[in-house]
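**Student:** Have a look at this one.
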């Protein structure tokens, strides 16, 4: 699968891939991702997972740009992190190829809870449970709506 780079040329799928009910995003660890010990700096796992969440939403058919611009008559909205639990289990090092695996645990009225794992060769290095809220431009929670709910329902509580 390829993506258009806006110049009509095909690029490899930079947004990862959907496998069953999960999204998988490959990430290479670069020098800038590590600290003085040569291990991935803990905050960078959060960045890797943010990329995974953004690409998961994109590949599920939801345009965050359209949400932010406002859909039809609706007030502009955006997904924001409400709560996050993080377990750092094992370290990653420079040049490792990691995978950020994202799945949906639950859909609420204005929220979704995602389960994310950063893995290397199938071994879980970091596990994150994150609650995301859709908020309006005024900062109030906004119901997910039919478009978002329909795009994500196939991923809820599914194995592989």
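**Student:** Where does the chain land at 222 nm, in deg cm²/dmol rounded to the nearest 500, when only DSSP H runs of n ≥ 4 count, each adding -39500 (n - 2.57), divided by all residues?
**Tutor:** Helix contribution divided over all residues of the chain: -6000 deg cm²/dmol.
**Student:** Normalised by the number of residues in region 16-155, what is the relative contact order in percent for Cα pairs under 8 Å and 6+ residues apart?
**Tutor:** 27 percent
**Student:** Here is a follow-up. May I ask for the angle, rounded to the nearest 10°, between helix 42-59 and the longest principal axis of the chain, with both axes built from Cα atoms and the value confined to 0 to 90°?
**Tutor:** 40 degrees
**Student:** Would region 11-160 count as rounded, prolate or oblate if I go by the C-alpha gyration tensor, calling it rounded below 1.5 in a/c and otherwise prolate when a/b exceeds b/c, oblate otherwise?
**Tutor:** Judged from the Cα gyration tensor, region 11-160 comes out prolate (a/c at least 1.5, a/b above b/c).
**Student:** At what distance in nm do the modelled label points of residue 43 and residue 13 sit from each other, each positioned 7 Å from its Cα along Cα→Cβ?
**Tutor:** Here the modelled spin labels are 3.3 nm apart.
**Student:** Please say if region 120-160 is rounded, prolate or oblate, where rounded means a/c under 1.5 for a ≥ b ≥ c the square roots of the C-alpha gyration tensor eigenvalues, and otherwise the choice is prolate for a/b larger than b/c and oblate otherwise?
**Tutor:** Oblate, since a/c reaches 1.5 and b/c is not below a/b.
**Student:** Would you mind calculating the gained length between residue 95 and residue 58 on full extension (0.36 nm times residue separation, minus the Cα-Cα distance), in nm to one decimal?
**Tutor:** Roughly 10.7 nm would be gained on extension.
**Student:** Exposure proxy check: 89, 59 ranked by fewest other beta carbons within 10 Å?
**Tutor:** 89, 59
Readers should treat all values here as calculations from the given coordinates under stated rules, not as data from a laboratory. Quantities reported herein were computed from a predicted structural model and do not represent experimental measurements. Please note: Cβ atoms are built from the backbone with ideal geometry, for glycine as well, and neighbour counts cover all protein chains shown.
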